[in-house]
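As structure tokens, the structure follows; a few thoughts come after it.
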Amino acid sequence: MIDRRTTLRWLIAAPAAAGLVVAAAGLAAEPAAREIHISAKRFEYTPSTITVKLGESVVLLLTAEDRIHGFKMPDFNLRADIVPGVTTTVRLTPDRAGKFSYFCDVFCGDGHEDMEGTMIVVA
Amino acid sequence: MTTGYDRREFLRLGGIAGVAFASGLFSTAGARAQAADFHFVQFSDTHWGYAGAANPDAAHTLEKAVATVNGLASQPDFIVFTGDLTHTTDDPKERRTRLARFKEIVSALRVKDVRFMPGEHDAALDRGEAYKEFFGAPYYTFDHKGVHFIALDNVSDPAAKVGDEQLAWLAADLKQRKPDDRIVVLTHRPLFDLYPQWDWTTADGAKVMELLMPYRNVVVFYGHIHQEHHHTTGHIQHHAAQSLIFPLPQAGSQPKRGPLPFDAANPYRGLGTRDVGVSPASGYGIKELPVAKA
């Protein structure tokens, strides 16, 4: 299942009182990561497709426009709450090429099941 | 591991015409079903209020299923609804209108012992507030002819969590059980990671399974995935039911988890209810029932 499939270094912290969550394994030893902003609102992410390179370190900066949403990417064992007014940060360095979906896992209404996006990892 | 029907042994039972009994669903594998001590019917995912191309007959499908169950030669001891009674709406007033209409329709069931559970469409947007007005507590237990039933709520938290409070309640209830007690868990979402890519899981389902695992005779009946599905976690079997609104694709069989297209030539394909025969001496029998008689 998930734990066997992921070899990524990752960590997600719960939203902190400071309003900004930054969590990364081995952060000090890593090079500067490209930042990718993803905005969530019912029932879509913007952008709905992001492209990263294999082995590229990226930081996903997640914000919510209307209400709490979720961000879940099971292929890389990633998940976070996206709370309005808070920037939730997810760092990852994909080690596999392909297309990987992310979706909302906090039920948000009629259309929730369609709220998803795709991360394309190119070799 | 998914259990296949080829691993089952079906026996036709007297007294419940058409019910196929599956031996080995309890840990007393190998025992033969002799007769059902009782049976119950499971409805799931009725989604009252849905309007869309996936089921042009949505306004009448539930009524037809009620009529079909009312026509069973042997009426079940009780009936359970494992969530998504209504289709979600942002409007609290409309949510209550749908819950009221749903309740009115199912009041036509001949069997009056009916147990309800919420799905995320009923309860996630208001944390079960409207649902509780109509149906009471979203998690509870009851006992019937030697079997302990536990209804779990894994939907009122919109993040699909059972939650610490309910887990503590479950642990306290299970402490009163003996290791070989017959236990049936009823819930909406799968308690295992059926297909996390489509969110077919319960966020803290592993904690529930950890609590259940010491008990040797546990079976889970649930809904949410709108199709028949059978799975085993250790010695605990999980059986997903069909819906009464539209079927969903098999996990991972297509890019998106959207409904399968409506088939006008076979409008009830993939829909139905389920009759469960219970024989504590040997196992459970499962028969999928059609929406309407052919």
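A compact table of results
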quantity	calculated
Subset of the stretch A:98-110 (residues that are more than 8 Å from every other protein chain (Cβ to nearest Cβ) and either assigned to a helix (DSSP H, G or I) or open to solvent by 10 Å² or more (accessible area, probe 1.4 Å) (or both))	A:GLY98, A:LYS99, A:PHE100
Sole exception among (1) of a type outside the set (Lys, Arg); (2) within 14 Å of chain A (Cβ to nearest Cβ); (3) open to solvent by 10 Å² or more (accessible area, probe 1.4 Å) for B:ASP113, by number	(2)
Test: B:ASP199 is in contact (Cβ under 8 Å) with a residue 12 or more places away in the chain, within 14 Å of another protein chain (Cβ to nearest Cβ), on the phi > 0 side of the Ramachandran plot and crowded, with 17+ Cβ neighbours inside 10 Å	yes
Which listed residue, of B:ASP143, B:ASP91, B:ASP122, is of a type in the set (Asp, Glu), open to solvent by 60 Å² or more (accessible area, probe 1.4 Å) and under 30 Å from A:ARG79 (Cα atoms)	B:ASP91
Any hit, the stretch A:57-68, residues being in contact (Cβ under 8 Å) with a residue 24 or more places away in the chain, open to solvent by 20 Å² or more (accessible area, probe 1.4 Å) and facing chain B (nearest Cβ under 9 Å)	yes
Looking only at the stretch B:169-195, and only at residues there that are open to solvent by 10 Å² or more (accessible area, probe 1.4 Å) and in a helix (DSSP H, G or I), the one that is nearest to the other protein chains (Cβ to nearest Cβ)	B:TRP169
Any hit, the stretch A:33-40, residues being within 11 Å of chain B (Cβ to nearest Cβ), modelled with pLDDT of 95 or more and surrounded by 16 or more Cβ atoms within 10 Å (Cβ to Cβ)	no
Those residues of the stretch B:218-246 which are crowded, with 23+ Cβ neighbours inside 10 Å, in a loop (DSSP other than H, G, I, E, B) and more than 14 Å from chain A (Cβ to nearest Cβ), in sequence order	B:GLY223, B:ALA241, B:GLN242, B:LEU244
Residue that is farthest from B:PRO158 (Cα to Cα) [pool: residues in the stretch B:196-217 that are part of a loop (DSSP other than H, G, I, E, B) and not hydroxyl-bearing (Ser, Thr, Tyr)]	B:ARG216
Qualifying positions in the stretch A:73-87 - open to solvent by less than 30 Å² (accessible area, probe 1.4 Å) and within 14 Å of chain B (Cβ to nearest Cβ)	A:MET73, A:PRO74, A:ASP75, A:PHE76, A:LEU78, A:ALA80, A:ILE82
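The values are calculated or read from the model by the stated rules, or taken from the named source; none is laboratory data. Given the structure is predicted, the values throughout are model-derived calculations rather than measurements. Virtual Cβ from ideal backbone geometry, glycine too; neighbours counted across all protein chains shown. Areas reflect the complete protein model, heavy atoms only, side chains present, ligands, DNA and RNA absent. Shrake-Rupley method; radii C 1.70, N 1.55, O 1.52, S 1.80 Å.
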